[in-house]
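J.: Before I ask anything, here is the structure I am working with.
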Amino acid sequence: MNTTYNGDDFDVIVIGAGHAGCESALAAARMGCKTLLLTINLDAVAYMPCNPSVGGPAKGHVVREIDALGGEMAKNTDRTYIQMRMLNTGKGPAVHALRAQADKIAYQSEMKKTIENTPNLILRQAMVEELIVNDGVCEGVITNTGARYKAKAVVVTTGTYLRGKIIIGDLQYESGPNNMRPSVRLAENLKELGLELVRFKTGTPPRIHKSSVDFSKMEIQPGDEEPRAFSYETTTAIPDQLPCWLTYTNLETHEVIQGNLHRAPMYSGAIEGTGPRYCPSIEDKVVRFNDKPRHQIFLEPEGRHTEEMYVQGLSTSMPEEVQLSMLRSMTGMEEVKMMRPGYAIEYDSIVPTQLWPSLETKLIEGLFTAGQINGTSGYEEASGQGLMAGINAARKVQDKPPVILGREEAYIGVLIDDLVTKGTNDPYRLLTSRAEYRLLLRHDNADMRLTDIGYEIGLISEERYKAFINKREQVAQEKERLNNTRIKPENEEAQQVLRETGTPELTEVIDLAQLLRRPEVNYEHIHRISPSPVELDEEVREQVEIQVKYDGYIRKSLAQVEKMNKVEGKLIPSAIDYTVISGMSKEAREKLEKIRPLNIGQASRVSGVTPADISVLMVYLEQFHRVLTKASE
Amino acid sequence: MNMDTIAGVATPMGEGGIAVIRVSGDEAIAIVDKIYCGKNKLSTVDSHTIHYGTLADPKTNEMIEEVLVSVMKAPRTFTREDVVEINCHGGLISVEKVLDLVLEYGARLAEPGEFTKRAFLNGRIDLSQAEAVIDLIRAKTDKALKVALSQVEGKLSKLVRALRQELIEAMAHIEVTLDYPEHDVEDFTQNLLLNKCEEVRSQIKRLLQTAKQGKILREGLSTAIVGKPNVGKSSLLNSFVQEDKAIVTDIAGTTRDVIEEYVNVRGVPLRLIDTAGIRETEDIVEKIGVEKSRSMLKQADLILLMVNYNEELTQDDYAIFEAAKDLQVVVIVNKTDLAQNLDMEKVKAAFPNQPIILTSIKEEEGIDELEKAIAELFFSGRVQQEDMTYVSNARHIHLLRQAEQAMEEAIIGIHDRMPVDMVQIDIKKAWELLGEVIGESVGDDLIDQIFSQFCLGK
């Protein structure tokens, strides 16, 4: 860097305008911070370099949580989707999950428009090359054009841009996602500053031309007839949904792959980064599960105004011509035209155990990181972290304590706690099975769980909060009514309804809540037997039905949470020196010294720390506390 | 500090014929009240008073024990929490029953050193003792761990591990259908799941039954079989073992070549010391001497001392008599199938207050009497057990019972046609409890299983 000049001063600077960066910048600006959002390419704001979809199990839950906290992803999706489906409807309410097919271009331009129209927020094209760090405090950034921007907090959301490298067969070149410019100098700078980096890898499938596909040979996957919305504020649905299509790989496809394995970077040693277990490339799938005769392939439109389609299930870094042979071996794609080849991309990310649960780095005060740089994958995981990093950066500037969501409160809480407590060995994806209290972290109750917090932070409007309070009261009142309204066997209307549903008729007095717990009975039946005195909208009815019907299981989960909260509440002073605690295993001492958990609960989740170590730690803390008290007397 | 209520045996087993089961925590008085019948409800009595009554399971009204109960309210107690101490008969069975009952009605089994830990955390013990508390936790945990490790190759852990594998495969299958709804994995049908759950539940049930009969490995009464070479030690051992009552473990790293075998004699768990020595040396005459017997005697809670009906007492016999003097001894006069050359009066003179049993192990005579004598000794509380590791078995039983309960609830959920992710809550709980039995922590096993069992990707 030759000459620099002084740019403006900001409260918060966000580096990168992907899904994490957009949420971060919007949150900080909306919380009143003067915010600068920098991106290498202004045309890549909220860009989706991989699949054109948002949501699904756990991920869709996160989108709803983002909305309840006042983030943008849910609303932006609701305004631009081309298909909406509720998944898992045949299963319990905790795993119902909304998923949208996105219009990539529309998603980007809508998000860009929102950012451009947000007060306090400046969007600018620039590549950050260096962080300004003095005495362990991050005070701003320097761009490749020589601008020095000062800030009280900086959020780094570099996605896969950090020392990015694309690999297709024998071809390798430095690149960010989809041929964007990679960020090399910043990666070096982070390393120089003392942050530990690791190399991860991910990949994307080829894209094909819609008109070259014979859909008559494939299975259609339409959207829901009555599409639901991600945001609690969305009131209208988008008409004219586009379908996706299902086809399969076959033995011929697998032969093409097997026959070209020597050219696969995955196996030739060209790839050094660790790939995600949950989304292996097709060559990986064929090798690891070679007894499987076929794999599913979904064709998903990339938007309304493009012919491009995403080939879900075919992530690959095989040479281009091999990719084409693979595609053409499949039913309905015999004549397919490939528009872009799939590729693998390697990138630097930081070891996330270097972060506090606020997403601030332990090493450098005022420096936050969020999204793929923290070892995750997925737009939703990125957005969730971005939102929290933005919130906590703003609160840091405003001298307020960070907001940390619990594992029993939100999937975002599970995600961040997993990252900062356990770290990750491969790109981390949320799954509903990662949540201990899945039943409490439902898609339907994200507002019940988090709107209070969103309002307190200042990201939920008065108007919306009022509507929420009203909903909460209605739910409580209706539950109360169901618990206290008794139905007698003489009630002919009730017996008639029960006969229709095929459940045994009443032989004794029973309250409505008990009746609703019968498997065959739903809220509509209850409504027929004994209508609510006030008109209740669909969302309230849904809440009441779920809360009453699964009351027993919900109680079980709550009892577990209560147990956990006892240890979560025991805070560990930041001054503690683990290396001097005798009686604790060496492994536990080293791990705890590195992670520096905030409380006993978090400490107990650190891998390699046993219950005995925790007992010793508690005794030590008490001793520590007494020494302190004595000293202060 | 807000902590749950814990219970544990506070006295060494069998000491003075009385055992104390201590319950500590906010719920201590309420929990014991549920099972106690006496003149007054314990919640109404004064602090630091003792009450006579009986314990019964309110579900069955079956009377369990006559007891003395001390009620001590916080803060003037050992732990500075509400404490109830139940004084009952010291026999293994009655202690087990009382402890089980307390656990069933809401207490949690105390971890090693936990009473002392609480005493410290609540400010009862002063700072200088903190190090000692840490050592105590460490020592007791290491010991428990050693026991657990010794059981790693044991029957119990093998079975439990197999059960867990069954469960985790089913769980991974269910999870995949939840997290990857469009993946072409067939749903785990309700019927299939029901079968699996019922199978696992019945296996846990069977385990619990064998636990009751004492066939599960447990820390028994350490028992030495001593006597001159060729007196029949090996035959006695075999007769115990033959009945398929024994589980053999090889505890590595203790003493070289020392093998301990566990047998169950009428409900009394015996841990037979140095059975390898007996086996190895029985045929190699004179290799095992008096010295070896002496050293074994020192470790034992119970001595099975064998003399030969067919021979006169020798110098060696007298030396062993001398060493066993003042210890808990059952004298076995073996080989009654042969001619009598032994002067019984001399034996009686050496052990005036100990049971003397005549046997011919070869002809399987007198073994019943021998077992009876051992059981009587044990249950009358005369034998003192050194180790308190009995509790680790109570722990297993308690965990297995909870796991059985969780499987039961899973099955009810399936019958009630609850969604599979609800049923999964109970299955997962059972899986975690079984993990606690064999000391396997809850990690990312499930996630690992999902990705190794199924082919998933974008």
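J.: In region A:540-579, how many are more than 14 Å from chain B (Cβ to nearest Cβ), within 22 Å of residue A:473 (Cβ to Cβ) and touching a Pro at 6+ places or on another chain (Cβ under 9 Å)?
T.: 1
J.: Right, here's the next one. Take region B:69-120 and flag every residue that is polar (S, T, N, Q) and not in a helix (DSSP H, G or I).
T.: B:70, B:77, B:79, B:87
J.: A further question on this structure: Is it the case, given these coordinates, that residue A:373 is touching a strand residue (DSSP E or B) at 6+ places or on another chain (Cβ under 6 Å) and away from every other protein chain (no Cβ under 14 Å)?
T.: yes
J.: May I pose another question? Quickly run through region A:319-350 and pick out the residues that are assigned to a loop (DSSP other than H, G, I, E, B) and either among the small types (Gly, Ala, Ser) or open to solvent by 20 Å² or more (accessible area, probe 1.4 Å) (or both).
T.: A:329, A:331, A:332, A:334, A:335, A:337, A:341, A:342
J.: Among the candidates A:144, A:179, A:189, which residue alone is within 24 Å of residue A:53 (Cα to Cα) and not aliphatic (A, V, I, L, M)?
T.: That would be A:179, the only listed residue that is within 24 Å of residue A:53 (Cα to Cα) and not aliphatic (A, V, I, L, M).
J.: What's the total number of residues in region A:267-289 that are over 27 Å from the mean Cα position of the chain (by Cα) and in contact (Cβ under 8 Å) with a residue 24 or more places away in the chain?
T.: Within region A:267-289, residues that are over 27 Å from the mean Cα position of the chain (by Cα) and in contact (Cβ under 8 Å) with a residue 24 or more places away in the chain number 3.
J.: Would region A:221-229 turn up any residue that is more than 13 Å from every other protein chain (Cβ to nearest Cβ) and free of Cβ contacts under 8 Å to residues at least 60 places away in the same chain?
T.: Within region A:221-229, one or more residues are more than 13 Å from every other protein chain (Cβ to nearest Cβ) and free of Cβ contacts under 8 Å to residues at least 60 places away in the same chain.
J.: Additional query: Working only within region A:596-616, note down all residues that are under 33 Å from the mean Cα position of the chain (by Cα), open to solvent by less than 10 Å² (accessible area, probe 1.4 Å) and either free of Cβ contacts under 8 Å to residues at least 60 places away in the same chain or farther than 22 Å from residue A:628 by Cβ (or both).
T.: Of everything in region A:596-616, those that are under 33 Å from the mean Cα position of the chain (by Cα), open to solvent by less than 10 Å² (accessible area, probe 1.4 Å) and either free of Cβ contacts under 8 Å to residues at least 60 places away in the same chain or farther than 22 Å from residue A:628 by Cβ (or both) turn out to be A:600, A:601, A:603, A:606, A:613.
J.: Sticking with this structure for a sec: Among the residues of region A:10-55, what is the count of those that are of a type in the set (D, E, K, R) and part of a loop (DSSP other than H, G, I, E, B)?
T.: So the count comes out to 1.
J.: Take region A:304-318 and flag every residue that is assigned to a loop (DSSP other than H, G, I, E, B) and closer than 11 Å to residue A:210 by Cβ.
T.: Once the filter is applied, which keeps residues that are assigned to a loop (DSSP other than H, G, I, E, B) and closer than 11 Å to residue A:210 by Cβ, region A:304-318 yields A:306, A:307.
J.: Are there strands (runs of 3 or more DSSP E) fully within region A:147-266 with at least 2 residues that are of a type in the set (Lys, Arg)? List them.
T.: Per the criteria, A:147-156, A:197-204.
J.: Take the conditions within 13 Å of another protein chain (Cβ to nearest Cβ), farther than 17 Å from residue A:370 by Cβ and touching a residue at least 24 places away in the same chain (Cβ under 8 Å) and apply them to residue A:42. Does it pass?
T.: For residue A:42, the condition - within 13 Å of another protein chain (Cβ to nearest Cβ), farther than 17 Å from residue A:370 by Cβ and touching a residue at least 24 places away in the same chain (Cβ under 8 Å) - is not met.
J.: Tally the residues that are charged (D, E, K, R), open to solvent by 50 Å² or more (accessible area, probe 1.4 Å) and either within 22 Å of residue A:377 (Cα to Cα) or facing chain B (nearest Cβ under 10 Å) (or both), restricting the search to region A:253-290.
T.: 3
J.: In region A:452-507, what count of residues is obtained for those that are open to solvent by 90 Å² or more (accessible area, probe 1.4 Å) and closer than 30 Å to residue A:410 by Cβ?
T.: The qualifying residues number 7.
J.: May I ask you to verify whether residue A:164 is within 25 Å of residue A:376 (Cβ to Cβ), of a type in the set (Gly, Ala, Ser) and either modelled with pLDDT of 95 or more or open to solvent by less than 10 Å² (accessible area, probe 1.4 Å) (or both)?
T.: In short, yes.
J.: Here's something else I'd like to know. Look through region A:77-98, keep the residues that are within 7 Å of chain B (Cβ to nearest Cβ) and part of a loop (DSSP other than H, G, I, E, B), and return whichever of them is surrounded by the fewest Cβ atoms within 10 Å (Cβ to Cβ).
T.: So the residue we want is A:91.
J.: Now for a separate question. Go through region A:371-403 and count every residue that is assigned to a helix (DSSP H, G or I) and surrounded by 24 or more Cβ atoms within 10 Å (Cβ to Cβ).
T.: Summing the residues that are assigned to a helix (DSSP H, G or I) and surrounded by 24 or more Cβ atoms within 10 Å (Cβ to Cβ) in region A:371-403 gives 20.
J.: Out of B:34, B:97, I need the residue that is in contact with a Pro (Cβ under 8 Å, 6 or more places away or on another chain) and open to solvent by 70 Å² or more (accessible area, probe 1.4 Å). Which one?
T.: Of the residues listed, the single one that is in contact with a Pro (Cβ under 8 Å, 6 or more places away or on another chain) and open to solvent by 70 Å² or more (accessible area, probe 1.4 Å) is B:34.
J.: Residue A:426 - would you say it is within 14 Å of another protein chain (Cβ to nearest Cβ) and part of a helix (DSSP H, G or I)?
T.: no
J.: Cβ-Cβ under 9 Å, sequence separation 6+ or interchain: first residue in region B:347-375 and open to solvent by 50 Å² or more (accessible area, probe 1.4 Å), partner in a helix (DSSP H, G or I) and of a type outside the set (Gly, Ala, Ser). Which pairs?
T.: Within 9 Å, the pairs are B:358/B:344; B:358/B:369.
J.: Does residue A:449 meet the test of being among the charged types (D, E, K, R), assigned to a helix (DSSP H, G or I) and closer than 29 Å to residue A:596 by Cβ?
T.: So residue A:449 passes the test.
J.: Take residue A:320 and tell me if it is over 18 Å from residue A:260 (Cβ atoms) and either more than 10 Å from chain B (Cβ to nearest Cβ) or of a type in the set (Ser, Thr, Tyr) (or both).
T.: no
J.: Kindly indicate the residue of region B:355-404 that is among the acidic types (Asp, Glu) and closer than 24 Å to residue B:7 by Cα and also modelled with the lowest pLDDT among those meeting that condition.
T.: If we take residues in region B:355-404 being among the acidic types (Asp, Glu) and closer than 24 Å to residue B:7 by Cα, then B:387 is modelled with the lowest pLDDT.
J.: Given the structure, is residue A:359 farther than 25 Å from residue A:52 by Cβ, open to solvent by 10 Å² or more (accessible area, probe 1.4 Å), touching a helix residue (DSSP H, G or I) at 6+ places or on another chain (Cβ under 7 Å) and of a type in the set (A, V, I, L, M, F, W, C)?
T.: For residue A:359, the condition - farther than 25 Å from residue A:52 by Cβ, open to solvent by 10 Å² or more (accessible area, probe 1.4 Å), touching a helix residue (DSSP H, G or I) at 6+ places or on another chain (Cβ under 7 Å) and of a type in the set (A, V, I, L, M, F, W, C) - is not met.
J.: Provide a single number: the residues in region B:202-235 that are modelled with pLDDT under 70 and in contact with a Phe, Trp or Tyr (Cβ under 8 Å, 6 or more places away or on another chain).
T.: The total comes to 4.
The values are calculated or read from the model by the stated rules, or taken from the named source; none is laboratory data. Everything quoted here is computed from the prediction, not taken from an experiment. No Cβ is skipped: glycine too gets one built from the backbone with ideal geometry, and neighbour counts run over all protein chains shown. Calculation scope for accessible area: heavy atoms of the full protein, side chains included, ligands and nucleic acids excluded. Shrake-Rupley method; radii C 1.70, N 1.55, O 1.52, S 1.80 Å.
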